[in-house]
Amino acid sequence: MNLEQQLREALRRPEPPAGFAERVMGRVAQERGTPPRERTSRRRRLSAAAAVLALALGGWGGYRIEQNRRAENAAEEALTALRIASEKINLARENIERHSED
Amino acid sequence: MSQAAIRELPLIFARAGTGDDAAFADLVREHQSMVFGIALHSLGDRGQAEDLAQEVFLQLYRKIGEIESPSHLIHWLRRVTTNRCIDASRRRRFRLVSLSDAEEGHSASPEGDPMAAARIRTYLAELPPKQAAVITLRFQEEMELSEIARTLDIPLNTVKSHLRRGVETLRRRLERRRSER
């Protein structure tokens, strides 16, 4: 048998695995069986999830801003307290020096 | 295909075009061995061939309204299947084609050597994708070279060159195999 005959022999159409057409029709039904309403509600669920995510991110951002503001206020108050304490110490030291000169 | 089935094809095709699922299932059964065969011979892997063939029929389901006639349907199925096979082969970095994969689903003919046939299918799936596609369409589908050129949308001379190179590579590999034994 020459090669061309061998090729014809080897490349005869094979049978697909059993149940092939049924599996194709299953996928067709799956694709067609997704009603528009369900597709819409899937879109709605995605939109809702996106909105919740945006709110959560926004809330987290707001919380972080508030935390930063409080930290800045606390630092500022601490600095003011240190400044006052330092002024009082200086005043006390001046009083002591004045008394010791007298 | 029986004469009765051939006579009924235009009717089945027309019914499938109107959304009749039973008629579409008949179309799938009618053409499944052609589509699956092109995929199996080009890819050499039954699992991948079945996945690809299913995708082709799903695409057909979506596009059935654009198909004009039963002969257009056959041309469309061959073209879409072959192009998908070429794309799939190019995406694969390497191929692992086992003799058992190449052998399954093929019934042995009384005059042929089943091992030699399986070896040809294995070597075919290892050829460059377009050479494998041209050889599959030529010898599985018995298509004329000009028809293959139209199906793959490539010049006739390119088809001839793919066929000549592919067959020559197969011949060399088979001879080398014979001389090793």
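No value in this document is a laboratory result; all are computed from the given coordinates. The structure presented is a predicted model; accordingly, all values stated were derived computationally and were not measured. As a convention, Cβ positions derive from the backbone with ideal geometry for all residues, glycine included, and neighbour counts pool all protein chains shown.
One table, with the values for the structure above:
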{"quantity": "Tabulated pairs, the range A:1-17, first closer than 14 Å to B:Leu163 by Cβ, second β-branched (Val, Ile, Thr) and crowded, with 18+ Cβ neighbours inside 10 Å, C-beta under 7 angstrom, 6+ apart or interchain", "calculated": "A:Leu3/B:Val167; A:Leu7/B:Ile120; A:Leu7/B:Ile135; A:Leu11/B:Thr136"}
{"quantity": "Meets criteria (within 9 Å of chain A (Cβ to nearest Cβ), over 13 Å from the mean Cα position of the chain (by Cα) and in contact (Cβ under 8 Å) with a residue 40 or more places away in the chain) for B:Phe13", "calculated": "no"}
{"quantity": "Complete set of residues in the range B:18-39 that are closer than 16 Å to B:His75 by Cβ and more than 7 Å from chain A (Cβ to nearest Cβ)", "calculated": "B:Leu27, B:Glu30, B:His31, B:Val35, B:Ile38"}
{"quantity": "Pairs, first touching a residue at least 12 places away in the same chain (Cβ under 8 Å) and polar (S, T, N, Q) in the range B:128-148, second buried (at least 20 other Cβ atoms within 10 Å of the Cβ) and outside any loop (DSSP other than H, G, I, E, B), C-beta under 7 Å, six or more apart", "calculated": "B:Gln131/B:His162; B:Gln131/B:Gly166; B:Thr136/B:Ile38; B:Thr136/B:His41; B:Thr136/B:Ser42; B:Gln140/B:Gly37; B:Gln140/B:Ile38; B:Gln140/B:His41"}
{"quantity": "Residues of the range B:116-159 that turn out to be among the polar types (S, T, N, Q) and outside any helix (DSSP H, G or I), as a count", "calculated": "1"}
{"quantity": "Selection within the range B:40-50 - more than 10 Å from chain A (Cβ to nearest Cβ) and assigned to a helix (DSSP H, G or I)", "calculated": "B:Ser42, B:Leu43, B:Gln48"}
